[in-house]
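**Q** Can you read through this structure? Questions will come right after.
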Amino acid sequence: MATATGDVEEKQAPPGALPRGLRAAARAIVDYALPPRCPGCGVIVGEDRQFCLTCWSSLDFLDGPACSHCSIPLPTALPGAPIACGACLASPPPFDGAPAAVAYGPVARTVALRLKYGRRTGHARLMAQLMARPLAALGDTSDILLVPVPLHRWRLWSRGFNQAALVADALARRSGAARDHHLLLRVKLTASLRGKGRRERERIVAGAFALADDARARAAGRHIVLVDDVHASGATLRAAAKVLRRSGAARVSALTWARVVPDALMTSNIFDFASLDSDISDPL
């Protein structure tokens with residue numbers, strides 16, 4: 001910064017820090033030995049948490065017209081006009097919007113599974129980087145309380161971490177929004193929802209969540225945003241949001257990394273929602 005005499009004062013490095021030249025040299029050595037790789041396909045890229053051109057081009061960003069409730073893309077809707085899809089008109093979900101960064105596809109799936117089962121915990125920061133924009137679109141981040149979809153204690157013990165909590169932490173650091181890992185509890189160990197029909201999925205997740213004892217004091221008047229990795233059938237998000245509605249929160253929304261979009265909206269194929277869910281259990 002400029003001093004009173006007009007000279008520029010050099011910013012002091014924290015005690016114990018390497019000089020700038022040595023830090024640059026150390027980074028060059030690390031990059032040579034362990035070069036940054038694309039999180040989608042593994043080819044060498046220029047920077048950490050950076051996709052190669054092919055993988056980046058294949059991502060479908062969900063920033064077009066969508067259902068104002070569940071955020072499923074509605075390509076024929078007018079931009080900016082609030083509209084609900086047929087499913088939400090028939091049965092409104094218990095959340096106020098559920099945006100996602102990208103459509104679920106090969107690259108988005110790889111990133112999610114490598115975080116979840118490959119222990120690539122740095123992918124949580126990558127996901128949060130692309131989720132920051134839809135989070136900002138939900139409203140003032142100073143009013144938002146990020147709540148990750150919790151894991152049951154036995155699943156958390158076997159995996160070692162909750163991927164939704166890692167993403168919520170990274171989002172909080174980027175956005176300044178508050179977070180609460182323990183407002184919502186998972187009190188029932190549930191079976192995988194993969195391949196189940198709608199009624200069966202709802203039966204499996206019924207009673208799976210509960211509020212912490214002091215939840216009303218922590219959530220009253222807040223805008224709660226549920227954070228998860230993948231939104232497919234939405235059974236898990238709906239069950240969690242129903243419980244959070246009882247916390248006294250002013251609003252409950254959901255935010256995910258990837259949204260399973262019916263192929264009919266992207267191509268002429270037919271998609272079966274029952275083949276996937278946010279509790280994806282595919283091994284790598």
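**Q** Test of understanding: among 78, 113, which residue is outside any loop (DSSP other than H, G, I, E, B) and either within 19 Å of residue 58 (Cβ to Cβ) or free of Cβ contacts under 8 Å to residues at least 40 places away in the same chain (or both)?
**A** On the way: 78 fails: outside any loop (DSSP other than H, G, I, E, B).
It is 113.
**Q** Right, next: Within the range 140-150, which residues are open to solvent by 30 Å² or more (accessible area, probe 1.4 Å) and either among the small types (Gly, Ala, Ser) or under 22 Å from residue 211 (Cα atoms) (or both)? Give the derivation first.
**A** Within the range 140-150, the first condition is being open to solvent by 30 Å² or more (accessible area, probe 1.4 Å), and the residues that meet it are 140-143.
Of everything in the range 140-150, those that are open to solvent by 30 Å² or more (accessible area, probe 1.4 Å) and either among the small types (Gly, Ala, Ser) or under 22 Å from residue 211 (Cα atoms) (or both) turn out to be 142, 143.
**Q** Could we say that residue 126 is modelled with pLDDT of 90 or more, outside any strand (DSSP E or B) and open to solvent by less than 10 Å² (accessible area, probe 1.4 Å) here? Quick ask: steps written out before the conclusion?
**A** On the way: modelled with pLDDT of 90 or more: yes; outside any strand (DSSP E or B): yes; open to solvent by less than 10 Å² (accessible area, probe 1.4 Å): yes.
It is true that residue 126 is modelled with pLDDT of 90 or more, outside any strand (DSSP E or B) and open to solvent by less than 10 Å² (accessible area, probe 1.4 Å).
**Q** Can you tell me which residues in the range 236-259 are under 30 Å from residue 107 (Cβ atoms) and open to solvent by 50 Å² or more (accessible area, probe 1.4 Å)?
**A** Just the residues of the range 236-259 that are under 30 Å from residue 107 (Cβ atoms), to begin with: 236-241, 252-259.
Matches in the range 236-259: 238 only.
The values are calculated or read from the model by the stated rules, or taken from the named source; none is laboratory data. Please read all numbers here as calculations on a predicted model, not as lab measurements. Cβ sites come from the backbone with ideal geometry, for glycine too, and all protein chains shown count toward neighbours. What goes into the accessible areas is simple: the full protein's heavy atoms, side chains included, and nothing from ligands, DNA or RNA. Shrake-Rupley method; radii C 1.70, N 1.55, O 1.52, S 1.80 Å.
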